[in-house]
Every structure is written in structure tokens, then in C-alpha cells.
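The values are calculated or read from the model by the stated rules, or taken from the named source; none is laboratory data. Worth saying up front: this structure is predicted, and the values here are computed from it rather than measured. Cβ atoms come from the backbone with ideal geometry, glycine included; neighbour counts cover every protein chain shown. For the accessible areas, the whole protein counts, side chains as well, though only heavy atoms, and no ligand, DNA or RNA atoms are used. Shrake-Rupley method; radii C 1.70, N 1.55, O 1.52, S 1.80 Å.
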Amino acid sequence: MTPGSLVDDLAAVYREHAAPGQAAAMRAYMREQFEFLGLSSPLRRRLARPFLTASGDPLRVALECWARPEREFQYFACDLLARHAGTLTPGALPTLRTLITTKPWWDTVDALAANVVGPVVREDRTPMDAWVADEDLWVVRTAILHQLRYRAATDPQRLFAYCTRWRHERDFFIRKAIGWALREYAKTDPEAVRRYVAGQPDLSGLSRREALKNIGGDPAPASA
């Protein structure tokens with residue numbers, strides 16, 4: 001089955017269950033940036049299950065999905081790539097970067113960062129050193145979040161260096177990513193995160209609050 005025919009078959013199944021009323025609410029939630037078929041997440045995943053095991057190049061299927069206007073296809077691509085993340089090599093990174101920077105928003109970027117890019121670079125994280133210096137802030141967010149599922153395997157020096165590099169950035173999604181990445185690592189080493197935050201008085205209030213949310217500590221300053 002070719003990537004195009006697989007996505008065509010998936011589309012036929014999805015469209016049978018389209019819910020225009022629900023699609024309007026989904027578009028509004030995503031600030032009218034994307035079209036939707038109106039499939040709830042549980043239904044979408046149930047309908048997609050047989051297609052996740054189909055043979056073929058997951059990267060090519062993902063690109064086919066990204067060419068479709070409705071967001072459910074991009075969600076399927078993220079699930080498919082996560083399923084195959086263990087078999088993808090660093091050679092997949094250029095395609096993953098294309099997906100991250102095409103129709104970008106937190107929903108797909110975060111899924112790719114934590115569940116696909118993270119596993120791909122787990123053995124060699126140096127590509128993320130280039131990504132964190134990228135001009136595209138969604139690529140930067142991916143670099144900050146790529147260790148989100150690593151827990152004890154996190155490289156804290158790399159994590160803290162990335163957060164320090166972008167601590168002055170005004171963009172909400174970068175500030176949120178810094179706080180989220182620190183909060184996740186705090187589940188493994190809360191003292192290290194407390195020390196890092198204490199040593200960064202100019203860390204944004206948002207990043208600081210997110211980092212300390214579950215471990216306590218002084219969240220000041222109160223700036224966003």
C-alpha cells in the first residue's frame with residue numbers, strides 16, 4: 001500500500017464519522033488556524049488503529065497526512081511516528097523538522113518533540129544543540145522539550161544550558177517550554193531544579209512557576 005492510498009483509506013473512514021458541529025468547536029479552540037473533521041480523540045484513535053499497523057515508510061505517510069487540511073490527519077501522523085520512533089534514525093530529522101515547521105502549533109510540535117524527536121536523538125543528542133539555536137521558535141521549543149520523557153536519562157547540563165540560553169525570550173511558548181521541561185526533570189531530581197531556578201533570578205515568572213509547581217520553592221518574581 002502506498003502512503004497516498006493508505007491516507008486515502010484513512011480519510012474515507014474518518015469522513016464517515018465527521019461531526020461538523022464538533023469541528024466548529026475544535027477550530028475555535030485552535031484559534032481558527034486549522035480545519036477539523038470533528039472527531040473526538042478516543043474515536044479518532046479507535047478508527048486509526050488498523051492503519052497504524054500498515055506497512056510502509058512512516059515518514060512518507062506523515063508527509064501525506066501533513067498535506068491534508070484537517071488536523072486529525074496530522075494527529076494520526078504524530079501517533080504513527082511515535083509508534084515507529086524506535087526504528088527511526090537521525091536521518092529522519094530533516095523530515096521531522098519540516099513537519100515541526102509546517103502548520104506549526106503546540107499540539108503537533110509537542111507530540112513530535114517528546115514522542116518522536118526525543119527517542120530519535122536519545123543516543124546522540126548533539127543535533128539538538130543546533131536546533132536550540134534555530135531561528136524558528138518551534139524548532140527551539142522542540143529542542144527544549146526533547147528530553148521530556150527521559151527522566152533519569154536526562155542530561156541536566158544540556159537541559160539547563162538550553163533554558164538559560166532562552167530565559168529572556170518573550171514568546172509564551174518558549175517560556176512555557178522552559179518551565180515544563182524543568183518541571184518534568186524535577187520529578188527525577190527536584191533539588192537540582194530548585195538550585196537551577198534559584199540561580200536564575202531573571203528566569204521569567206511563567207517559567208519559574210511551572211518549574212516549581214510540584215516541588216515548592218519561591219516562585220518570585222511575579223512577571224509573566
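Excluding same-chain neighbours fewer than eight residues apart, the lysines reachable from Lys213 by a Cα-Cα span under 18 Å are Lys176, Lys187.
Taking amide H positions as modeled 1.01 Å from N, with prolines and chain starts lacking one, the residues under 5 Å from Glu35 and 5 or more places away or on another chain are Arg71. Within the accessible surface of the chain, defined with a 1.4 Å probe on protein heavy atoms only, the carbon and sulfur portion equals 53 percent.
Can you find, among Ala181, Tyr196, Ile215, the residue farthest towards the positive end of the dipole of region 168-215? Put +1 on the C-beta of Lys and Arg, -1 on that of Asp and Glu. Farthest towards the positive pole: Ile215. Full extension of the segment from Ala19 to Lys187, taken as 0.36 nm per residue of separation minus the current Cα-Cα distance, would add 56.5 nm. Spacing of the modelled spin labels on Met30 and Ala133, each 7 Å from Cα toward Cβ, amounts to 3.4 nm. Between Asp155 and Ala12, full extension at 0.36 nm per residue minus the direct alpha carbon distance yields a gain of 47.1 nm. A simple spin-label model places pseudo-atoms 7 Å from Cα toward Cβ; at Arg83 and Leu43 they are separated by 2.1 nm.
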